[in-house]
Each structure stands twice: as C-alpha cells, then as structure tokens.
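**Student:** Handing you this structure, nothing more for now.
The values are calculated or read from the model by the stated rules, or taken from the named source; none is laboratory data. On a predicted model such as this, the values are computed, not experimentally measured, just so you know. Backbone-built Cβ (ideal geometry, glycine too); neighbour counts: all protein chains shown.
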C-alpha cells in the first residue's frame, strides 16, 4: 500500500493537484472573508454579543459547502481518469496493484493532500478576520471542530467519487454529480436538520458550528451521532465496493 500511495503522489505532480488545491483554498478564504470589509460588518467587531467570529464561520461554511463537493469530484476524477487512458488499470494489475488497492491508495494520497489544505484554509480565514479588525476573543473550539469535520466529510466524498470515477469512464458524470452536490449542499444550509441528514451533501450543513438562532448568529452543536453514522456508512460502502473491484478484470 505504501508503494501504491507513493505512486499516486507521482501522478499528482503530473496532474498539478497541488496547484489546483492551493488556488481553491485561496479562493475559499478570500470569498469567505469578503463581507468583513463592509462598513456594517466592521461595526460589530468589538461587540461580543454580535458574535463576529460565528458570523465569519457561517460565511466560511457557506463557501466550503459551495466548493468542497466540486473540489472532491475534480480531484477524484483527475486522479482516476489517468487509469482509464493507456490501460492504466491493466498495467497496475501487472505490477501487483489490483483496482481496489489502487482506489484505496488514491483515497489515502488525496486525503493526505487535503489535511494541510483544509487546516491552512481555516487558519487563513481566521487570519483575515484578525487582520480585518475583529477584536472579540476567538473561541478556538468550534473552529477546530469544524475543520476536523470538514476534512472527514471531504474524505467521504473523495471515496464516493473515486469509486464512481473508477466504474464510469466518462468523468463528466462524476464532475457533474459534484456540481449538483454543491447546489444541494448550499441549499441544505437553509433547510432543517431533519432534511439535511437524509441528503448526502447535507452533511456539509450538518457539520457547521454556527447558525441562526432567533434572528442572531451563534455557535451551535452539530449532530455528532448522525455525522458519525454517515462517515461509517461511507467507509463500509467504499471498503465493500473496492473489494468487489478486485474481483473484476480490467
């Protein structure tokens, strides 16, 4: 598996995966923070009851929900499409890497790329908030929790898109589903939790630690049990699906 993961990192250099992730991280951080520089928002920076950090997290959660489904679809599709061209699956099998092993290696490699990307993205949003002038002390707990859950949900969708990209050669299908998922993820931010938790992309809304309560912004507690159940379900499905791929000749 370690050799397979190293092979995936070599492929990433050709695919410029790092550049794509970096550009999107910068874009998400910038768009999440753009409202900080409006006059009305700046007046709340010294008011603890206005919860400026929670308001910034709401904006961050909105942008992450809009972009993360597309990012995971594009990364998984590019990393997997290379196997469809030039008989990559067959060549990998002759080297001892079955399709299932290759998919699991792709997931591990892309997950390792997302770790610094998501942490850096969150730190950048916080840094812009401090630079803009937020003087209210930062409650780090919700930001750490949101960053961790965003990473885990992104990994779950990476797994689903890697499997989809491996069984369907037309990568427009995988990317198209990612774009549809982005729309649903944003829409679920406006829906009750009972609706969001039955839609896979609704978990981008479920993981937010900030929300509207009584017309004001405040920190909320995500439904950890539902989120954990979703992650476990995706893990089981991915494990079973990739084992089945090992029994399919390419």
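**Student:** Examine region 208-223 for a residue that is surrounded by 12 or more Cβ atoms within 10 Å (Cβ to Cβ) and modelled with pLDDT of 95 or more, and state whether such a residue exists.
**Tutor:** no
**Student:** Go through region 103-150 and count every residue that is over 27 Å from residue 224 (Cα atoms), in contact with a helix residue (DSSP H, G or I) (Cβ under 9 Å, 6 or more places away or on another chain) and either without any contact (Cβ under 8 Å) to a residue 24 or more places away in the chain or surrounded by fewer than 14 Cβ atoms within 10 Å (Cβ to Cβ) (or both).
**Tutor:** Going through region 103-150 one residue at a time, the tally reaches 4.
**Student:** In region 14-49, how many residues are out of contact with any helix residue (DSSP H, G or I) (no Cβ under 9 Å at 6 or more places or on another chain) and modelled with pLDDT under 85?
**Tutor:** Residues in region 14-49 being out of contact with any helix residue (DSSP H, G or I) (no Cβ under 9 Å at 6 or more places or on another chain) and modelled with pLDDT under 85: 6 in total.
**Student:** Being in a strand (DSSP E or B) and in contact with a strand residue (DSSP E or B) (Cβ under 9 Å, 6 or more places away or on another chain) is the filter here, so list the residues in region 199-232 that pass it.
**Tutor:** The answer is 210, 211, 212, 217, 218, 219.
**Student:** Report yes if some residue within region 190-198 is surrounded by fewer than 18 Cβ atoms within 10 Å (Cβ to Cβ) and either in contact (Cβ under 8 Å) with a residue 12 or more places away in the chain or touching a strand residue (DSSP E or B) at 6+ places or on another chain (Cβ under 9 Å) (or both); otherwise report no.
**Tutor:** Filtering region 190-198 for residues surrounded by fewer than 18 Cβ atoms within 10 Å (Cβ to Cβ) gives 190-195, 198.
Still in the list and also either in contact (Cβ under 8 Å) with a residue 12 or more places away in the chain or touching a strand residue (DSSP E or B) at 6+ places or on another chain (Cβ under 9 Å) (or both): 191, 193.
Yes, because at least one residue in region 190-198 is surrounded by fewer than 18 Cβ atoms within 10 Å (Cβ to Cβ) and either in contact (Cβ under 8 Å) with a residue 12 or more places away in the chain or touching a strand residue (DSSP E or B) at 6+ places or on another chain (Cβ under 9 Å) (or both).
**Student:** Quick one: which residue in 223, 182, 210 is more than 30 Å from residue 1 (Cα to Cα) and under 17 Å from the mean Cα position of the chain (by Cα)?
**Tutor:** On inspection, the qualifying residue turns out to be 182.
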